[in-house]
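Have a look at the structure below, then the notes.
The values are calculated or read from the model by the stated rules, or taken from the named source; none is laboratory data. Quantities reported herein were computed from a predicted structural model and do not represent experimental measurements. Counting neighbours? That spans all protein chains shown, and the Cβs are built from the backbone with ideal geometry, glycine included. Calculation scope for accessible area: heavy atoms of the full protein, side chains included, ligands and nucleic acids excluded. Shrake-Rupley method; radii C 1.70, N 1.55, O 1.52, S 1.80 Å.
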Amino acid sequence: MEQPLFCHRRGAEAVLTLQPNTSISIAYHPRFGPHDDLILLELDEKLIPDILHERVTLRGQPDEDAVLCTQLKTYAVKFVGTSNSVFLIPPSDQSVSHEKPLDCDEKDHDKMVIASVIKVAPGSMELIEVAPRLDKLKLLLSENPYGADEVIEVEDLEGMEKINTGLYRWDDLIERVQASDEELRSGLRALSAVEIDGYWRIVDEKYMDGILNMLFHNLILNDWSYNALNEDEVVGVLELDGYPRKVACHCLQVYASKVDGVASGSCLWKLDEKRVCLHFARGILRGGKKKMESFMEEWIRKVPEGMQVNFNMLEGEVLIEKLGIESWVYAFSVSSLPSTPADRFSILFRERQKWEWKDLHPYIRDLSVPGLSSDGLLLKYTRRTQPTLDAEPVFSAR
C-alpha cells in the first residue's frame with residue numbers, strides 16, 4: 001500500500017539556511033494573529049551589543065513619545081510602515097511539536113518543509129539619535145530649590161519625618177527625564193545640582209550669595225590664598241558658620257577648581273575668577289537693567305579684591321540695549337533658554353528681530369542636534385543678510 005506524504009513544520013532555522021535561488025513553502029502558524037506585543041526593531045550594528053546585554057531602557061511618561069536610551073545616548077523611536085509583506089517566523093522550539101504532520105498533495109512532493117508564519121508585520125520601529133530632553137530636568141529641580149529656610153526647618157524638625165514634596169532622587173529623574181544616564185549627569189552638572197540627603201537639588205541663588213560672601217569673609221579673616229584653599233579647613237569653618245557640609249563642599253565645586261599635583265594629603269582648591277565675577281554680575285542685574293557705566297562701577301566694587309572683571313566674561317549672560325546715546329545692560333542668560341532649536345530660536349527672535357553674529361553665537365553654540373551642524377541650524381531657522389562684503393552678517397527669523 002502506498003504511504004501518504006507528509007509536510008513537516010519548521011521554524012526560522014529553515015529560512016536562515018535557505019540557499020540562493022531556492023524557495024520554501026509557508027503556512028499559518030497555529031498561533032497566527034496580530035500579536036501586538038511583537039514589534040520589529042531596526043538597529044545600527046553598533047547598538048546590537050547594548051540590546052543583547054540589556055543595557056538599554058525605554059523612557060517617557062504616558063503623554064510623551066517614548067525614547068530609547070543607552071548608557072550614553074538617546075534615540076527617538078519612530079514607526080516606519082512598509083508596503084511589502086514581512087513574515088515573522090518563530091524559532092522551531094516555539095512550534096507546536098505535538099501537532100500532527102500536514103498531509104501534502106502529490107504536487108508538493110519536493111516541498112517537504114513548511115515554515116510557519118506567526119505574524120505579518122506592517123512595518124518596523126527605527127531609532128534616530130536625538131538630543132537629550134533636559135528642559136524638564138530644569139523644571140523639576142526648580143520646584144523646590146535648597147535654601148536657608150530649609151536648613152532652619154531641618155533643625156526644627158530633627159527627629160521628625162519630613163514631607164519631601166517636589167524632591168527627586170536619581171531613580172525619580174531617570175523615570176521622568178528622557179535622557180541617557182550620562183546625559184542626565186551632564187545636565188545635573190550644567191545646572192550645578194548637588195545631591196543632598198539622597199535628593200538632587202539646585203541651591204537657591206540668595207543662599208549661594210550668603211555662603212560665597214561668608215567664604216570671602218573668612219578668606220580675609222584667615223589670610224587664605226585664592227589659589228590654595230584647603231578643603232578641610234574651608235569646609236570646617238563654613239560648617240561652624242551654620243552651613244551644611246554638603247553645601248560647603250558644593251560651593252567649592254561651583255566656584256573653584258581642584259589644584260592638581262598636590263603632594264600633601266589635603267585637597268586644595270583654586271578660586272575661578274570668571275565664575276566668581278559672573279556670580280556677582282548676575283546678582284547686580286537681578287534687580288533689572290542698568291546703565292553700562294553704573295553696572296561696571298558696581299561690579300568692580302563688589303568683586304573680591306585682587307580679581308579683575310572683564311565684560312567678555314558675560315558672553316551669553318547679558319545683552320546691551322542702545323537708548324539714544326546711552327547703553328543699558330540687562331540679564332539674558334543662555335542657561336534660561338530651552339534646549340530645543342525651534343523653541344530657542346523663537347525666543348531669540350522675540351527678544352531681537354535681528355542679531356549680529358557676535359551676539360547670536362553665544363546663544364546657539366551649545367545647541368546639539370545629531371546629524372545637523374551649526375551651519376545647518378542657521379540655514380534651517382534663520383535668514384542671513386550681508387549688505388556689503390565687509391559688513392558683519394545679520395540674522396533674522398526664517
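Does any residue of the range 364-380 turn out to be in contact with a Phe, Trp or Tyr (Cβ under 6 Å, 6 or more places away or on another chain), touching a residue at least 24 places away in the same chain (Cβ under 8 Å) and at negative phi? No, the range 364-380 has no match at all. Residue pairs whose Cβ atoms lie under 6 Å apart, separated by 6 or more positions or on different chains, with the first residue in the range 38-50 and farther than 25 Å from P122 by Cβ and the second open to solvent by less than 70 Å² (accessible area, probe 1.4 Å) and of a type in the set (S, T, N, Q), are D50/T70. Only residues that are within 33 Å of the chain's Cα centre (by Cα), closer than 14 Å to K274 by Cα and either small (G, A, S) or open to solvent by 50 Å² or more (accessible area, probe 1.4 Å) (or both) were counted in the range 287-327, giving 5.
Taking (1) loosely packed, with under 13 Cβ neighbours inside 10 Å; (2) outside any loop (DSSP other than H, G, I, E, B); (3) at pLDDT 85 or above; (4) out of contact with any Gly (no Cβ under 7 Å at 6 or more places or on another chain) in turn, L47 satisfies each apart from (1). Inside the range 285-340, residues that are part of a loop (DSSP other than H, G, I, E, B), under 30 Å from W224 (Cβ atoms) and not small (G, A, S) make up a count of 10. Considering (1) assigned to a loop (DSSP other than H, G, I, E, B); (2) modelled with pLDDT of 95 or more, the lone condition that F345 does not fulfil carries the number (1). Checked against the criterion of being under 18 Å from Y207 (Cβ atoms) and surrounded by 16 or more Cβ atoms within 10 Å (Cβ to Cβ), the range 259-270 has no qualifying residue.
Determine which member of the set L378, L348, L389 is more than 29 Å from the chain's Cα centre (by Cα) and not hydroxyl-bearing (S, T, Y).
Details: L378 fails: more than 29 Å from the chain's Cα centre (by Cα); L348 fails: more than 29 Å from the chain's Cα centre (by Cα).
The match here is L389.
Which ranges mark the strands (runs of 3 or more DSSP E) fully within the range 62-138 that have 1 or more residues being surrounded by 13 or more Cβ atoms within 10 Å (Cβ to Cβ), touching a strand residue (DSSP E or B) at 6+ places or on another chain (Cβ under 8 Å) and at pLDDT 90 or above?
67-69, 74-88, 119-130
Taking residues in the range 347-362 that are free of Cβ contacts under 8 Å to residues at least 24 places away in the same chain, and partners anywhere that are hydroxyl-bearing (S, T, Y) and not in a strand (DSSP E or B), the pairs with Cβ atoms closer than 8 Å and at least 6 places apart or on different chains are L348/Y363.
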